[in-house]
Amino acid sequence: MASPLVAWFRFTRSRNENYWGYLKQDSNGVLIGPYASFRLADNWTLFGSVSVGVEKDDYRVVTVSGSSDSMLYAFAMNAQGQYELATDVFARPKLGISYQHKRMDDYKLSGLIAGTNQQVKVGGANTDTAIAEATMELNWLERTSTSVFMPYVEAGVRYNCDWQNGHCITGDGYSNQPRWQGLARVGGRALIGKATQVELSASYQGLGVQKYDAWEATLFFSHSF
């Protein structure tokens, strides 16, 4: 059975640090688009979405820094199960794949190099990123007269692949992303009325990866029609 068409909006703020903090990237992005869900079985649902958005990245490499602007185009497909462990307590295994195309404009890095002010122009580039993720979520329900609130904790593993010239370069020294990373997330969802959902989450995505720290905070809003 298919759900009504749902429009969603997501704001994401993230920070990545590599090589003991010598390479830092702060990102702020906004995505918007439709998604729909389909019941696969009594305990499993398939979710699909497409989206478009913008992202601003702030970079710092040792003593130089700069900012870039990008357009984002994304697609995601997720299968999610739900099993009741106790009254209003649920386990949700999730399997997902996603793809994102990023079109980055030219930008400049400026700062002190060998004691003098320098400016380096960095050419814009198109990047394609594929992600596969498997997680387990534990959540519970808190009810009021007008809404339902669902706090949750989640942990899992993610596989990243940045494509360039037909090859996956992630983890080969040419990409800031590790090929494999563990993640832990805490958050909460609120169902307001019958058609509106708001979700706020924070995650650490550098588990099991040396010389790499990644944090992400996400605000998600959706409304069904």
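So, in the range 215-225, of the ones that are closer than 14 Å to Ala7 by Cα and either assigned to a strand (DSSP E or B) or free of Cβ contacts under 8 Å to residues at least 60 places away in the same chain (or both), which residue ends up least open to solvent (accessible area, probe 1.4 Å)?
So in the range 215-225, the residues closer than 14 Å to Ala7 by Cα come out as 220-225.
Filter again for either assigned to a strand (DSSP E or B) or free of Cβ contacts under 8 Å to residues at least 60 places away in the same chain (or both), leaving 220-224.
Details: Phe220: 37, Phe221: 92, Ser222: 6, His223: 62, Ser224: 34 Å².
Only one residue tops the list, namely Ser222.
Name the residue that is most open to solvent (accessible area, probe 1.4 Å), counting only residues in the range 105-120 that are touching a Leu at 6+ places or on another chain (Cβ under 9 Å) and polar (S, T, N, Q).
Gln119
Can you pull out every residue in the range 121-142 that is part of a strand (DSSP E or B), surrounded by 13 or more Cβ atoms within 10 Å (Cβ to Cβ) and not hydroxyl-bearing (Ser, Thr, Tyr)?
Of the residues in the range 121-142, the ones part of a strand (DSSP E or B) are 121-122, 126-140, 142.
Next cut, surrounded by 13 or more Cβ atoms within 10 Å (Cβ to Cβ) only: 122, 127-133, 135-140.
Answer for the range 121-142, where residues must be part of a strand (DSSP E or B), surrounded by 13 or more Cβ atoms within 10 Å (Cβ to Cβ) and not hydroxyl-bearing (Ser, Thr, Tyr): Val122, Asp128, Ala130, Ile131, Ala132, Glu133, Met136, Glu137, Leu138, Asn139, Trp140.
Pairs, please: C-beta under 6 Å, at least 6 apart or cross-chain, first residue under 30 Å from Ala7 (Cβ atoms) and in the range 193-214, second aliphatic (A, V, I, L, M) and buried (at least 18 other Cβ atoms within 10 Å of the Cβ)?
Every condition considered, the pairs that remain are Ser203/Leu183; Gln205/Leu183; Gln205/Ala214.
Give the residues of the range 197-225 that are of a type in the set (D, E, K, R) and over 12 Å from Asn16 (Cβ atoms), sorted by residue number. If you could, list the steps in order and put the result at the bottom.
Looking only at the range 197-225, we keep the residues that are of a type in the set (D, E, K, R), and these are 199, 211, 213, 216.
Across the range 197-225, the qualifying residue is only Glu199.
I'd like the residue in the range 26-37 that is modelled with pLDDT of 90 or more and not small (Gly, Ala, Ser) and, out of all such residues, is surrounded by the most Cβ atoms within 10 Å (Cβ to Cβ).
For the range 26-37, the residue satisfying everything is Leu31.
Scan the range 154-181 for residues that are at pLDDT below 80 and either among the polar types (S, T, N, Q) or closer than 22 Å to Trp215 by Cβ (or both) and jot them down.
Gln164, Asn165, Thr170, Gly171, Ser175, Asn176, Gln177
Select from the range 86-104 the residues that are open to solvent by 90 Å² or more (accessible area, probe 1.4 Å) and in contact (Cβ under 8 Å) with a residue 24 or more places away in the chain and write down the one among them that is farthest from Gly156 (Cα to Cα).
Step one: list which residues in the range 86-104 are open to solvent by 90 Å² or more (accessible area, probe 1.4 Å), which gives 87, 95, 97, 99, 103.
Filter once more, so that each one left must be in contact (Cβ under 8 Å) with a residue 24 or more places away in the chain: 95, 97, 99, 103.
On the way: Leu95: 10, Ile97: 14, Tyr99: 19, Arg103: 29 Å.
Of everything passing the filter in the range 86-104, Arg103 is farthest from Gly156 (Cα to Cα).
Can you pull out every residue in the range 49-73 that is in contact with a Ser or Thr (Cβ under 8 Å, 6 or more places away or on another chain) and open to solvent by 20 Å² or more (accessible area, probe 1.4 Å)? Lay out the reasoning, then the answer.
Step one: list which residues in the range 49-73 are in contact with a Ser or Thr (Cβ under 8 Å, 6 or more places away or on another chain), which gives 54-59, 64-66, 72-73.
Passing the criteria: Val54, Glu55, Lys56, Asp58, Tyr59, Ser65, Tyr73.
Identify, from the list Ser110, Ser67, Ser49, Ser145, the residue that is over 18 Å from Arg185 (Cβ atoms), among the polar types (S, T, N, Q), modelled with pLDDT under 95 and not in a strand (DSSP E or B).
Details: Ser110 fails: not in a strand (DSSP E or B); Ser67 fails: not in a strand (DSSP E or B); Ser49 fails: not in a strand (DSSP E or B).
Result: Ser145 is the single residue among Ser110, Ser67, Ser49, Ser145 that is over 18 Å from Arg185 (Cβ atoms), among the polar types (S, T, N, Q), modelled with pLDDT under 95 and not in a strand (DSSP E or B).
The values are calculated or read from the model by the stated rules, or taken from the named source; none is laboratory data. Since this is a predicted model, take the numbers as computed values, not measurements. For neighbour counting, all protein chains shown are included, and Cβ atoms are generated from backbone atoms with ideal geometry for every residue, glycine included. Note: areas computed on protein heavy atoms with side chains; ligands, DNA, RNA excluded. Shrake-Rupley method; radii C 1.70, N 1.55, O 1.52, S 1.80 Å.
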